[in-house]
Structures are given as structure tokens and as C-alpha cells.
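The values are calculated or read from the model by the stated rules, or taken from the named source; none is laboratory data. Keep in mind that this is a model prediction, so the values were computed, not measured. Ligands, DNA and RNA are excluded from the accessible area calculation, which covers all protein heavy atoms including side chains. Shrake-Rupley method; radii C 1.70, N 1.55, O 1.52, S 1.80 Å.
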Amino acid sequence: VQLQASGGGLVQAGGSLRLSCAASGRTFSSYAMGWFRQAPGKEREFVAAISWSGGTTYYTDSVKGRFTISRDNAKNTVYLQMNSLKPEDTAVYYCAADSRLKGGSRLIYEYDYWGQGTLVTVSS
């Protein structure tokens with residue numbers, strides 16, 4: 001599976017962005033998906049994940065109520081809708097695919113494929 005993330009950019013605090021991650025291949029629905037982020041000088045961290053069907057979602061506490069992960073298996077795409085953005089959300093955001101259908105892992109090493117990342121910058 002090859003993943004291509006897009007949708008990043010510069011936004012003011014309180015604004016919104018929607019990230020997309022397009023997957024190649026015909027087996028997208030066989031993977032749970034996740035979003036991670038890495039701020040300058042910090043380690044990569046879990047943001048959100050979704051099961052293969054989209055029926056179950058997981059979030060890190062700092063984005064609950066502000067971010068929404070979703071997927072469209074017909075379009076081989078996973079999304080991250082980010083609302084009420086804060087300067088501390090500034091990071092490179094990565095999508096990743098997890099071959100375990102249930103998904104929900106917060107562990108980087110449990111993801112099999114990674115996209116190239118898209119930069120989100122939130123100004124104060």
C-alpha cells in the first residue's frame with residue numbers, strides 16, 4: 001500500500017483544515033488507518049485511528065472533540081477533519097496503515113505503511 005497525504009497548510013488559531021490520505025492498491029479496506037504527527041524537536045505521536053470499516057475511532061485526549069477521523073473505502077481515502085486548531089497542533093501529520101483490521105493502535109511500530117507527511121502550521 002502506498003499512501004499520499006495532503007491538505008496541510010497555514011491556518012490561524014481557531015480555524016479548520018481537512019487532511020486527506022489517498023491509498024493506492026485494491027486492499028485499502030483491509031487496513032485500519034491512523035494519523036500521527038511530529039512537531040519540531042519532538043517525537044512522533046499518535047493522533048487518531050479508525051478501524052477497517054470506519055465503525056470504531058480512537059483519539060488522543062488532546063484532540064478529542066476537535067478532530068474527526070473518517071474513511072471512504074470506495075475512494076481509498078482516510079480523512080482527518082481538524083477544527084478549533086491551536087498553535088500546539090503545529091506539526092507534520094502522517095497517515096499510516098495497520099494490517100490488523102481492528103486498528104486503534106497508538107504504537108508507531110504496529111503500522112505497516114506510512115505516507116510522506118503534510119505540514120500543518122497554526123499561527124496564534
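Values for this structure:
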item	result
Accessible-area value, S99, 1.4 Å probe, nucleic acids and ligands omitted, Å²	60 Å²
Within the chain, percent of DSSP bridges classed antiparallel, to nearest 5	90 percent
Stretchable slack from S30 to N73, in nm (0.36 nm times residue separation minus alpha-carbon distance)	14.5 nm
V1, V120, reordered so the largest accessible area comes first (probe 1.4 Å)	V1, V120
Spatially close lysines, pair count over the chain: Cα under 23 Å, gap of eight or more or interchain	5
Stretch gain in nm, segment R100-S53, where the contour uses 0.36 nm per residue and the Cα spacing is subtracted	15.7 nm
Value of relative contact order over the chain, rounded to a whole percent, pairs C-alpha under 8 Å and six or more apart	37 percent
Within the accessible area of the chain (1.4 Å probe), percent carbon and sulfur	48 percent
Accessible area per residue in Å² at 1.4 Å probe, computed on region 12-61	50 Å²
